[in-house]
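Notes follow once the structure below has been shown.
The values are calculated or read from the model by the stated rules, or taken from the named source; none is laboratory data. Please read all numbers here as calculations on a predicted model, not as lab measurements. Please note: Cβ atoms are built from the backbone with ideal geometry, for glycine as well, and neighbour counts cover all protein chains shown. Accessible surface is based on the protein model in full, side chains and every heavy atom, while ligands, DNA and RNA are left aside. Shrake-Rupley method; radii C 1.70, N 1.55, O 1.52, S 1.80 Å.
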Amino acid sequence: MEQKLLIIDDDRDIVQMLRDNFELQGYLVFSAENAEQALQELSKQPDLILLDIAMPGIDGITFCKQIRQLLSIPIIFLSAKIEEQDRIRGLMAGGDDYITKPFSIEELNARVIAHLRRQSRQTIEKVYISGKFAVQFMEKKLLFKEQEIKLTKTEFNILEFLCLNRGKVFDKESIYEYIWGFDKEGNSAIISEHIRRIREKCRKYSEQELIETVWGVGYRWIG
């Protein structure tokens, strides 16, 4: 499987140079010019982020702090600032490495390989991000920005099942069997009530829909 890199930098020349370099090496490369665009690109679940510090709007340091609570993937800062204090700020914000501009592309390549190799040896917390929502599978949490949306165990299990099978439509009976098993006696109509509660809780934070009703068929994840 191709490893995915996300480049976040408002300098289009640098982005294009990095994209050409990493695509030649077989990486799948995504890019964003600012924090807002980057947040959307996180839904593609990159394996490593190259993050410029001096971005317009939300700067790289602030953005790193925001996403570090959601993701455990390596983050390498790219910056023209060479002072030791700047490096310290980047690392304290949650960055894994710091390389100054102009940089050697060979050195950057080596650092990316090293971080991806180290990451592959670790148990990574799986997170799915959709807009400003994040599903933390290992911690069994749904977050909006950095705030947890309190779900019951059953509600999270339903949400997790649909999220892990994105795009597929499941009827109430299939979801019920996944949650409680084939031998469980009960009424699958309760699935509709649980999904209604999930939506109600999410709508307190955002109008973005995560679960779609396919009338006459069932439900699917669209987040």
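For E200, the conditions (1) open to solvent by 60 Å² or more (accessible area, probe 1.4 Å); (2) at pLDDT below 95 all hold with the exception of (2). For I113, the test of being in contact with a Leu (Cβ under 6 Å, 6 or more places away or on another chain), at pLDDT 85 or above and either within 30 Å of L164 (Cα to Cα) or open to solvent by 20 Å² or more (accessible area, probe 1.4 Å) (or both) is failed. Applying the set (1) of a type in the set (S, T, Y); (2) surrounded by fewer than 18 Cβ atoms within 10 Å (Cβ to Cβ); (3) more than 22 Å from K44 (Cα to Cα) to S206 leaves exactly one unmet item: (3). Return yes when Q136 is out of contact with any strand residue (DSSP E or B) (no Cβ under 6 Å at 6 or more places or on another chain), of a type outside the set (A, V, I, L, M, F, W, C), closer than 23 Å to K44 by Cα and in contact (Cβ under 8 Å) with a residue 60 or more places away in the chain and no when it is not. So Q136 does not fit the description; no.
Identify, please: which residue in region 1-12 is outside any strand (DSSP E or B) and over 15 Å from A54 (Cβ atoms) and is, among those, least open to solvent (accessible area, probe 1.4 Å)? Among those that are outside any strand (DSSP E or B) and over 15 Å from A54 (Cβ atoms), it is Q3.
Those strands (runs of 3 or more DSSP E) of region 78-181 in which at least 3 residues are out of contact with any Lys or Arg (no Cβ under 7 Å at 6 or more places or on another chain) and over 30 Å from M17 (Cβ atoms), considering only elements entirely within it, cover 133-136, 141-144. Flag: F156 does not match the condition of being under 20 Å from the mean Cα position of the chain (by Cα), open to solvent by 20 Å² or more (accessible area, probe 1.4 Å) and closer than 25 Å to E209 by Cβ. Condition first: open to solvent by less than 70 Å² (accessible area, probe 1.4 Å), of a type outside the set (D, E) and within 14 Å of the chain's Cα centre (by Cα). Can you find one or more residues in region 81-99 that meet it? No: zero hits.
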